[in-house]
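Note sheet for the following structure.
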Amino acid sequence: MSSALLSILPEVVLTVTGVLIMLADPFFAPKASKKALGWLAVLGTLGAAGATLLQLRTHQILLTFSGSIQMDTFSVFFHLLIASIVLLTLLVSLDYFKPGATSHSGEYFALVLFGAVGMMLMTCSVELLMVFIGLEISSISTYILAGYRKGQATASESSLKYFLLGSFATAFFLYGIALAFGATGTTSLNGIASGLSVTAFPTMAFLALAMMLVGLGFKVSAAPFHVWTPDVYQGAPAPVVGLMSTAPKAAVFAVLLRITATTYSSELLHARWVWLIGIIAVLSMTIGNLGALLQKDAKRMLAYSSIAHAGYLMVAYTALPADSIAAAAFYTAGYAAMNVGAFAVISQLGGYDEPLRTIDDYRGLAQKHPVLAAALAFFLLSLIGIPFTGGFFGKFYVFNAAIGAGHVWLAVLGLLNSGVACFYYLRLLTALYSRKLGEEGGEFEGSSPAAAIAIAGAVLATLLLGVLPGKVLGLAQRGATVQVSRNR
Amino acid sequence: MTIDSSILSLIVFFPTVGAILLALLPANPTLQKWGALVVTLLTFLFTLHLPAHYQYGLTGYQFEVNVPWIASPAIRYHLGVDGLSMWLVVLSGFLAPLGVLISWRAIDRREKLFYTLFLLQQTAMIGVFVALDLFLYYGFWEWSLVPMAILIATFGRTDKRAKAALKYFLYAFIPSAILLVGMLWVYAQTGTFDLPMLQQMGASHSISSNHAALWLASLAFLVAFAVKVPVFPLHGWLSDAIFEAPTAAVMVLAGKLGLYSILRFSFGIFPEQSRQIAPLMIALGAIGIAYGALVALVQTDLKRLAAYSTLGHLSFITLGIFSFTVAGIDGGVYQIINHGISGGALFMLLGALYERYGTYDMRELGGVAQKLPWMVTLFVITALSNIGLPGLNGFVGEFLTLSGSLQTIYVAHPMLWTTIATTGVIFGAGYMLWAIQRVFYGGMGRRPDEVSGWDLDAREQVALWPMAVLFVVMGVASPYWMRAIDSFGAGAAGRTAVTDVHVYPNPTKNLALPETPVSSTEGGAH
C-alpha cells in the first residue's frame, strides 16, 4: 500500500461507505426502515477504526500529499476517538428514527460519516488550508444534522443559527490563515513555525493566531463565542447533540493543539498568547456554569455544561507543550465518553419527539428504568468530576498540568467552578431518584438493544478512563512527544 | 499474597461486591435486607482480623499493601492502618450491621436502592481510613459524598430532602475542590502522593520553602476537613442533613471522616502550620461546645437536638486534638469512637421512637416510659453515655480531651478555653436529661395517647444491646483500645517538627513525650 493511501485510509473507508449509503438509499421505500443502512454505517466506522489501528502499527510518521497530511500517533489518537464517538452515535441513532417518522433517515447515516471524514481530516492536516477544508466538511454535515427533526420549530432555529454563526466564525478562521500567510509566506504549520522566528511582522502573526482562536473558539463553544450553543443543542436531535458536542470539538481541539503547542510554541510566543487562552478558559468555565445554574431544560443545561467543559479543557493549553497535549487529548476522550453516554440515555428516554424537556420530567426514572437511571447518574457524576471516572482524571491531568506550569490561580478558579457545577448536575441526578410529581410528567421509553450496547460501551469507557487511564494517557503522551520533538 | 497484606483490600471492597450482588438480585425486600445484613456482618468479621493480629508495640503502618497503580502522575494503590485508623475501621464495620438492623422496618420501599447505596457508602468510608496514597484517599473521600447525598435525596423524611442533600453535597464538595488544588500543589513540589513520604518531608520541612504557599495549602486541607467534621462555624449543613437523613445514614454522617483526615493529613503533612493554627481551632472547639449545647437546649425537635449535640461532641474532639498533647489527641481519637457508638445509639433510638409515633416533636410526646419500659432503659443508658457519666465511655474521652486542652502550650489561656468547654458538659447533661423527662415522663403526650406503640422488639434489642455493653466496657477497660491509639497519639503530639525529624516511619525509636510523661491511659482506669 502506498504511504499516501495509508495516511488517509480511514477517511477513504468512511467516504466510500457514505457514498454507498447514498447510492443504496433510493432503493428503499420512502417510509421504510433504513436500519440496514445504519448497520452499513456501523461497519464502515469499524473499518475506519481498523484502518487507524493499521496506521498505529506502522510506528512511523508519514508526511504525504505535498506535506499537507501528517499521520502520526497524535492523529491516530484523535482518529480512534472520533471513530469511537461516531460508532456510539450510530448505534444510538439506529432506532431513533421510527419507520415513517422521516423519509431521510438514510441520508442521516451518510451525513454522520461525511462529518466524521471532515473531523478526521482536521486532526491529520498540517496545512491550514487542508484544516479549513476538513472544518467545512464537518461543519456542513453538522449544520444539516442539527435541523434533522424537521417538523419542530426549534430544529429549524437550531440549524439556521448554527449555520449563520458558524459561517461567520469560519470566516474569522480563514482571515487568520490569510494573515499567517502574510506574515510568514506559507500556510503549512511547520513552515509557519520556522517562519515565525524570522518574520518581519510579529504583530500580524500574533493577530493571525488571535483570529484563528476566534474561529476555533466558536467551534468548541468557548466563551465569549458560545451564544449559539444552548439554542442549537436544544433543537438538535439528542444523538446528534451527543456527536456534535464531542467529535467536532475533539477535532478542533486537536487543530488548536497543533497550532499552539507546536507552531506558536517558542517560549517568547507562548508568553504572548497564554493570557489570551487563560481569559477564554476562565470566561468559558464561569459563563458555562453560571448559565447552566439557571436552566430548567435538561438539554440546555448540558449545553451550558459543554461550554464549561470547553473552559476546563482550555486550561490545559496554558501548560507547557508536552503536558498540555497529553492532558487536553485525554480530557477530550473522557469528555466524549461521558457526554455521548449522557445524550445517548436522554435520546432513548424521549425518543424522536423528545417530550422530556425540564429536569422535573426526569423524576421517577430510577423506579421505571433503574439501569438507565444508574447509567445517566454515572455520567453525571463523571461530568461533576467524581474520582474513579473519566471526567475526574480529565480534570486531574488538566489542572495538574496547569499547576506544573505555575498557573495555580487557574486551577483554583477551575476547581471552584467545578464546585459550582456540581449543583446543577446534582439537581438532575436527585430528580432521577425522586418520586414523580403527580400522575402527569414524562413517560419514559426504554432503550433499544443497539443503544443499550452503546450506553454500556460509554459506561465502560468512562469507568476505564477513571480507573485505568494508563493506556489512553500513554497514547496521548506518545502523540505529544511526536509533536514536541518534531518542533525541536 | 498473605492474609495480612490482602485483608484491607478485602474489607474495603467486600461491601462493593455485596452492593453489586444486591443490585443484580431481584428487588425482594426480605432478600435485600438479609443480603445486606450478611454482607455487613461478614465485613465486620473481617475487620476483627485487624485488632487480633495488630503488632501493638509498633508505630507506623501495618497490614500494608503498596503496588503501583498509575505511572504518571505517580499514584500507588497503598493501603495500611496504624493506631489511629485501626479502631475506626473496626468501628465502621461494627456500625454497619446495626444500621441495617435498625433500617429493617424504617425503610419500607425501594430497599434495593437503599442497601446498595448503604454498602457503597461503607466502601468509601473504610477506604478513606485505610488509603495511604493522597490520590487514592481523595477518591474515596469524594465517593463518600455520593451515596450519602442520594440516600438523603431519596429517603429523606420531608419534602425538603433534595435541598438538604444538595446542601450537604455542596458544603463538602466545594472545599474538596480546593483541597484538590492543595494536593496537586503538594505533588508539584514533592513529586509524590505517598503519605508516609509526605509525612517525613513535612516533619523535616522539605515540602517547600515558600511559607505563604505552604500556609495556603495547609488551609486548603484543613478547611475541607473542618467542613466535613463539621467544626463551628462551618456546620450549616449538619442540622438539615441529620433532620432529613434516615437513621442508618445519620449514624455515619458526621465526625469520623473529617476528624480522621485532620489527624492524618493536616497534622501529618503540615505539622508546623497545624500547630500555629491551633489557638484558633481550640477557640472554635470551645465555642462549638458551648454553642452546640445552648442551641440543643432550645430545640423542640429531637433530631435537631441530637444534631446540635453532635456538633458539641465533635467540638470536644477538635479541642482535644488541637491541644497537641498526648492526652488531648488520645482522648480525641477515643472520643471519635465513642461518638460513633453513643451518637449512633442515640439516633437509632430516636429512629425507633419515630417508627412508633411518627414524630420527633417533643411537644407531642410524653409519658412514653409507662408504655415502653425497654426503650426508656436503653435511652437513659445511651443518654448517660452521651453526657459523659464516669464509668461509661464518654467520660474517658471527655476527661482526656479536657485535660489535654488544659495542658496545651499552643494557646495563651488554656484555663479560659477549658472552662468554656466544661460548661458544655453541664449544659449537655441539661438538655439530655430534660429531653428524657419531656419524652418519657410526665403526662401522656398527644401521640402516645393516640397511637399504642410497641416496646423494642427482638431485632432492635439485638441492635442496641451490643452498644450498651460497649458503653460500659469502653468506660472501664479503655487501656485495651488505648494501646493502639496511644502509639499514634504519642507520635502526633511529639512530632514537633522542630526537634524530631525521624519519628516516622522508624518504629524502633523511642518517642519523646513533651509535656505529659505520665501514661495517658490513666484517665480511663478509675
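The values are calculated or read from the model by the stated rules, or taken from the named source; none is laboratory data. Since we're looking at a predicted model, the values are computed, not measured. Here the Cβ positions follow ideal geometry from the backbone for every residue, glycine too, while neighbour counts run over all protein chains shown.
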With the structure loaded, tell me whether A:Thr199 is out of contact with any Gly (no Cβ under 6 Å at 6 or more places or on another chain), free of Cβ contacts under 8 Å to residues at least 60 places away in the same chain, outside any helix (DSSP H, G or I) and more than 27 Å from A:Ala303 (Cβ to Cβ) or whether it fails that test. yes
Which one of these does B:Val231 not meet: (1) assigned to a helix (DSSP H, G or I); (2) closer than 24 Å to B:Met281 by Cα; (3) touching a Ser or Thr at 6+ places or on another chain (Cβ under 6 Å)? (1)
Selection from region A:355-373 of residues that are of a type in the set (Gly, Ala, Ser) and at pLDDT 90 or above: A:Ala373
Please go through region B:98-138 and pick out each residue that is over 21 Å from B:Gly255 (Cβ atoms) and small (Gly, Ala, Ser). B:Ala106
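Are there helices (runs of 4 or more DSSP H) fully within region A:235-319 with at least 1 residues that are over 17 Å from the mean Cα position of the chain (by Cα) and either surrounded by fewer than 24 Cβ atoms within 10 Å (Cβ to Cβ) or touching a residue at least 24 places away in the same chain (Cβ under 8 Å) (or both)? List them.
Details: elements: A:238-244, A:247-257, A:267-293, A:298-317.
Per the criteria, A:267-293, A:298-317.
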Which numbered condition trips up B:Tyr480, out of (1) surrounded by 15 or more Cβ atoms within 10 Å (Cβ to Cβ); (2) of a type outside the set (Val, Ile, Thr); (3) in a helix (DSSP H, G or I)? (1)
State whether the residues of region A:345-360 include one that is surrounded by fewer than 24 Cβ atoms within 10 Å (Cβ to Cβ) and within 14 Å of chain B (Cβ to nearest Cβ). yes
Among the residues that make up region A:362-380, is at least one of them at the interface with another protein chain (Cβ under 8 Å from one of its Cβ atoms), surrounded by fewer than 21 Cβ atoms within 10 Å (Cβ to Cβ), touching a residue at least 60 places away in the same chain (Cβ under 8 Å) and not aliphatic (A, V, I, L, M)? yes
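Only one of these is modelled with pLDDT under 90 and either among the aliphatic types (A, V, I, L, M) or on the phi > 0 side of the Ramachandran plot (or both): A:Leu380, A:Leu416, A:Leu376. Name it.
Details: A:Leu380 fails: modelled with pLDDT under 90; A:Leu376 fails: modelled with pLDDT under 90.
Selected residue: A:Leu416, the only one of A:Leu380, A:Leu416, A:Leu376 that is modelled with pLDDT under 90 and either among the aliphatic types (A, V, I, L, M) or on the phi > 0 side of the Ramachandran plot (or both).
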Quick check: is even one residue across region B:150-162 farther than 21 Å from B:Ser103 by Cβ, within 10 Å of chain A (Cβ to nearest Cβ) and part of a helix (DSSP H, G or I)? no
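Just to be sure before I move on: is B:Pro175 within 10 Å of chain A (Cβ to nearest Cβ) and either of a type outside the set (A, V, I, L, M) or crowded, with 24+ Cβ neighbours inside 10 Å (or both) in the structure I sent? Steps first, answer last, please.
On the way: within 10 Å of chain A (Cβ to nearest Cβ): yes; either of a type outside the set (A, V, I, L, M) or crowded, with 24+ Cβ neighbours inside 10 Å (or both): yes.
Taking the combined requirement at face value, the residue satisfies it.
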So, B:Leu132, is that one surrounded by 24 or more Cβ atoms within 10 Å (Cβ to Cβ), closer than 24 Å to B:Gly80 by Cα and within 11 Å of chain A (Cβ to nearest Cβ) or not? no
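Given the condition surrounded by fewer than 24 Cβ atoms within 10 Å (Cβ to Cβ) and β-branched (Val, Ile, Thr), answer yes or no: does some residue in region B:313-331 qualify? Steps first, please.
In the first step, residues of region B:313-331 are kept if they are surrounded by fewer than 24 Cβ atoms within 10 Å (Cβ to Cβ); the result is none.
No, that holds for no residue.
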Any idea which of (1) over 25 Å from the mean Cα position of the chain (by Cα); (2) surrounded by fewer than 23 Cβ atoms within 10 Å (Cβ to Cβ); (3) more than 9 Å from every other protein chain (Cβ to nearest Cβ); (4) in a helix (DSSP H, G or I) is the one B:Val186 doesn't satisfy? (2)
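Can you tell me which residues in region B:57-69 are at pLDDT 85 or above and either touching a Pro at 6+ places or on another chain (Cβ under 8 Å) or assigned to a loop (DSSP other than H, G, I, E, B) (or both)?
Here is the first cut: in region B:57-69, the ones at pLDDT 85 or above are B:61-69.
Result: B:Tyr61, single match.
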Going through A:Ala454, A:Ala421, A:Ala476, A:Ala405 one at a time, which residue ends up being within 10 Å of chain B (Cβ to nearest Cβ) and buried (at least 24 other Cβ atoms within 10 Å of the Cβ)? A:Ala421
Restricted to region A:356-371, and to residues that are of a type in the set (D, E, K, R) and in a helix (DSSP H, G or I), which residue is nearest to A:Ala451 (Cα to Cα)? A:Lys368
Checking the condition assigned to a helix (DSSP H, G or I) and under 30 Å from B:Ala226 (Cα atoms), which residue from B:Thr318, B:Thr377 passes? B:Thr318
Which of the residues spanning region A:170-197 are surrounded by 19 or more Cβ atoms within 10 Å (Cβ to Cβ) and small (Gly, Ala, Ser)? A:Gly176, A:Ala180, A:Ala183, A:Ser188, A:Gly191, A:Ala193
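Scan region A:27-60 residue by residue and report those that are of a type in the set (S, T, N, Q), in a helix (DSSP H, G or I) and either under 15 Å from A:Ser3 (Cα atoms) or in contact with a strand residue (DSSP E or B) (Cβ under 8 Å, 6 or more places away or on another chain) (or both).
Of region A:27-60, the ones of a type in the set (S, T, N, Q) are A:33, A:45, A:52, A:55, A:58, A:60.
The next check asks that each one be in a helix (DSSP H, G or I); those that pass are A:45, A:52, A:55.
Those that are of a type in the set (S, T, N, Q), in a helix (DSSP H, G or I) and either under 15 Å from A:Ser3 (Cα atoms) or in contact with a strand residue (DSSP E or B) (Cβ under 8 Å, 6 or more places away or on another chain) (or both): A:Thr52, A:Gln55.
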How many residues does region B:104-128 hold that are more than 16 Å from B:Val17 (Cα to Cα) and surrounded by 24 or more Cβ atoms within 10 Å (Cβ to Cβ)? 1
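Scanning for something charged (D, E, K, R) and either surrounded by 24 or more Cβ atoms within 10 Å (Cβ to Cβ) or in contact with a helix residue (DSSP H, G or I) (Cβ under 7 Å, 6 or more places away or on another chain) (or both), does region B:271-289 turn up at least one residue?
Taking region B:271-289 first, the residues charged (D, E, K, R) are B:272, B:275.
Retained after the next criterion (residues that are either surrounded by 24 or more Cβ atoms within 10 Å (Cβ to Cβ) or in contact with a helix residue (DSSP H, G or I) (Cβ under 7 Å, 6 or more places away or on another chain) (or both)): none.
There is no residue in region B:271-289 that is charged (D, E, K, R) and either surrounded by 24 or more Cβ atoms within 10 Å (Cβ to Cβ) or in contact with a helix residue (DSSP H, G or I) (Cβ under 7 Å, 6 or more places away or on another chain) (or both).
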Could you figure out which of (1) surrounded by 23 or more Cβ atoms within 10 Å (Cβ to Cβ); (2) more than 14 Å from every other protein chain (Cβ to nearest Cβ) isn't true of A:Phe330? (2)
Looking at region A:52-78 only, could you name the residues that are touching a Ser or Thr at 6+ places or on another chain (Cβ under 9 Å) and aliphatic (A, V, I, L, M)? A:Leu56, A:Ile61, A:Leu62, A:Leu63, A:Ile69, A:Met71, A:Val76
Note: among B:Ser309, B:Ser261, B:Ser342, just one is in a helix (DSSP H, G or I), among the small types (Gly, Ala, Ser) and out of contact with any Gly (no Cβ under 7 Å at 6 or more places or on another chain), namely B:Ser261
Does region A:136-147 contain any residue that is modelled with pLDDT of 90 or more, of a type in the set (Asp, Glu) and either touching a helix residue (DSSP H, G or I) at 6+ places or on another chain (Cβ under 8 Å) or part of a helix (DSSP H, G or I) (or both)? yes
Is region B:70-77 home to any residue that is surrounded by fewer than 24 Cβ atoms within 10 Å (Cβ to Cβ), more than 14 Å from chain A (Cβ to nearest Cβ) and within 20 Å of B:Gln199 (Cα to Cα)? no
If I ask for residues that are polar (S, T, N, Q) and farther than 12 Å from B:Ala124 by Cα, which ones from region B:10-21 would you list? none
